[in-house]
1. State whether one or more residues within segment B:127-134 are crowded, with 19+ Cβ neighbours inside 10 Å and among the β-branched types (V, I, T).
2. Looking at segment A:60-85, which of the residues that are touching a Ser or Thr at 6+ places or on another chain (Cβ under 8 Å) and not in a loop (DSSP other than H, G, I, E, B) is farthest from the other protein chains (Cβ to nearest Cβ)?
3. Quick check on my filter: what residues within segment B:311-327 are facing chain A (nearest Cβ under 8 Å) and of a type in the set (V, I, T)?
4. Any residue in segment A:3-21 that is of a type in the set (S, T, N, Q), more than 22 Å from the chain's Cα centre (by Cα) and surrounded by fewer than 18 Cβ atoms within 10 Å (Cβ to Cβ)?
5. When you go through (1) assigned to a helix (DSSP H, G or I); (2) touching a residue at least 60 places away in the same chain (Cβ under 8 Å); (3) touching a His at 6+ places or on another chain (Cβ under 8 Å) one by one for B:N157, which number turns out not to apply?
6. Going by the structure shown, is B:L477 closer than 26 Å to B:F390 by Cβ, crowded, with 17+ Cβ neighbours inside 10 Å, within 11 Å of chain A (Cβ to nearest Cβ) and touching a helix residue (DSSP H, G or I) at 6+ places or on another chain (Cβ under 8 Å)?
7. Which one is surrounded by the fewest Cβ atoms within 10 Å (Cβ to Cβ) among residues in segment B:576-609 that are outside any loop (DSSP other than H, G, I, E, B) and among the basic types (K, R)?
8. Looking at this structure, is B:V102 surrounded by 18 or more Cβ atoms within 10 Å (Cβ to Cβ) and of a type in the set (V, I, T)?
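The values are calculated or read from the model by the stated rules, or taken from the named source; none is laboratory data. The structure presented is a predicted model; accordingly, all values stated were derived computationally and were not measured. Here Cβ is always computed from backbone atoms with ideal geometry, including for glycine, and neighbour counts include all displayed protein chains.
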Amino acid sequence: MPLETESKARVRALVADFRPNNGDMMAALHRVQHEFGYLSQESLEVIAEQLDMFPAILYGAASFYDEFRFEAPAQTTVRWCSGPACRLRNSNGIRDAMLATLGMEDLHEQTEDHRVGMVLGQCNGCCELAPMVWLEQHGDHGPEQTPVGHMTAARAVRMARALRDGADIEEAIDA
Amino acid sequence: MPEGVAMPDLSVALERYEELRVRADAEYAAWRNPERPRIDIAMDTSSLANGARATGVAIHRVITERNAAVDMGQVHGYGMQWIHPSVQITFPNGETVLYGPVKPEDAARIVDEATGTWGAAADLRHGMVTGTHEGVPSIRDHEFFSLEPHERRLMRNLGLTDPDNLMHYIARDGYRATARMLGRHLSEEQVRNTLNDAGLTGRGGANFPTGLKWNFLYGAPGEEHYMVCNADEGDPGAWVNRVVMEGDPHLLIEGMLIGSYATKAKVGFIYLRDEYPFSVQRMEDAIREAEAAGILGNDVLGTGLEFHLRVVRGAGAYVCGEETGLLSSIQDSRGMPRVKPPFPAQRGVFNKPSNVNNVESFANVPLIVRHNSEWYREHGSDKQSGTKIFSFSGDIPRVGFMEIPFATRLEDCLRVCGGIQGGQLKAIQSGGPLGSLLPAEALPKLILQPDSFTPWDAIMGGGGMVFCNDQTSVLVLTEMFAQFVEDESCGRCITCHHGNQRQTEIIRRILDGEGRREDEPNLVMLDRTLQFSNCVHGQFSPKITRNMRVHFKGDFEAALLGVDPTLTMKGMYEVVVANQRPEEQAKAAADICPTAAIQGEPGRRRVVDEACIRCGACFEVAPDVMAKRPKAPKPGLVPIG
């Protein structure tokens, strides 16, 4: 048996209680992504083995879902709410202003230095705060999310500039 | 039941329940009439987004600093999301008062109010949740709740229990329906018939009779049946299921438990969307607590019946809200819907007979079984009985949720939400991305009952209603939904996969001011083509675009010509420097522009149109300087046909 990397051993321990054909795939993927921030090729191999699936089948299934990532997230991710209440208050302008400030063509990209990324978020029913974004970081205890409501395009520009220049989440919110 | 196996003695369920109830009553009485005043922070997704944690920390700090004789706890928000973060104070006499919004800087005042300085937070008070107090109205008399029945049903525990506390649920008659059903040997058929008599139908939007659906599963062959809850509430603008799961998680568990008995299912799954992490946590905690109390597991209330419940967390795929997509997702694969039949009652989870119901459908079940079907029909209409939770958002001052009887007038809902804000009512969006875009003139005729929406080629859907004013073009909303259904297409049917790409392309091009005369017939053709898709996602995906074409014909035809009175469609206006002064504003506009499109020396600033992305940042910092100017309309398009 080939020597295992340390991270592979960690993944194996993480998913040890999941079984094949038991409806455990989503839970296994979530647990590993929660721990590592994304699903590496290595981790997919381990999960596939644990669930008795071909790695290609597992990847095919996992990649169907928007929330599973296969590359490390940026230091800070801006999750832009795409809901209707936000759209009524210029959330398209907020999205475009942030993308332009960060030099990105579209959502689901990162700045070259991996400091800031931007993803599409779905409405979770906090529409009294519309338009909103969430600022996310992957901390030691999994993802941490800070909702920022009552956004405006000008605030979006200031926030994106601050993040681009290395500000942390609190500084960016106050920018 | 095979011969030789003794019928389990189910009457033990009542004894077990009584034991639990004694404990629960004592615990709940102590919570309702605490020895010291208690400040309960509303904890739910909306409260958390509004800063409930910070408020809680600040209040806790004040209590600690003063060594105040006050305790802290939690509840779920009462429905008025615009006053979040909210808190409730419960006094030893059992009076409970609702306050909001309580920011961290208000913490000292709230503690003052709780410790005897009545009036310290008078301006934050909204009403009495329980009890009466001179000068403070009952929260039930608040205009926002004026359409709700006097006694809430599905939301009866909101504000009155700690959602994480099983004992509170039991003390408020929770699991009583289960105990009586088992203990009094109600047959599976009787349970299903009660639901049919009550007229309970699927609350996810499809409106299929719940009891009838359960008949199919009960009658399905084999012993291995599965009960599945669809908690993948993906419609943007709808958060009805979230309220049930975070406000009263045991209500859903009990509904599924009764469902499992009525259909001989031993295992249940709650497929919960990833965007509700707080709901996931509440549901998982509640399941654990119910297991520990012997309500779930191998020996339900001592009867020897089995029911195991698990939460499966989705991962951002809207189409998993379609039942066969959801089932695929539970079974370790891509969440792609498949052709029906076979229906889930024939082939569901692990290819075994299964049943998929919405959260709210399940939540109604314990209430119906505990009372009876006549009680249930007291609210609603002949065509649709009962109550339903609706969530309201958009251009209204009062964003929130309420539980209202079916057949309530939608116009009244808008009124209690404070009316339309920032302009005139333009459109009502119901039923999510596969739902509808209704014109303002439909409002007086609409009642909250599915068949009332049908004449408008619309659906009522799962309970999300978005009121839109006339400041944003309906085509901007159409683009949002077109893109949504395109993104969320599973890709199996070429009609849906490619058809929605073309639909989005056309709408986007119109938004860019490049409308063509063939756009309308092409959209019609796409609409027809999409009807050949296999699942409802494809079939319903052109619906909002169709609603836009039909109900907002004037706006659509004007947009094809490049005319947009709202000036929200990118290609139909340009941003200009209307005044060179005040210079501070002009400079601020140039500085904020993310693409440096505002160029030139002071006094000679101008916008480079090719660089401008129309994000709107400059208008905020320089309202007196920057302006939108409509572009010249294109020469008239001659419609085809």
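1. Within segment B:127-134, one or more residues are crowded, with 19+ Cβ neighbours inside 10 Å and among the β-branched types (V, I, T).
2. Of everything passing the filter in segment A:60-85, A:W80 is farthest from the other protein chains (Cβ to nearest Cβ).
3. Scanning segment B:311-327 gives a single hit, B:V312.
4. Looking through segment A:3-21, at least one residue is of a type in the set (S, T, N, Q), more than 22 Å from the chain's Cα centre (by Cα) and surrounded by fewer than 18 Cβ atoms within 10 Å (Cβ to Cβ).
5. The failed condition is (1).
6. yes
7. B:R606
8. Yes, satisfied.
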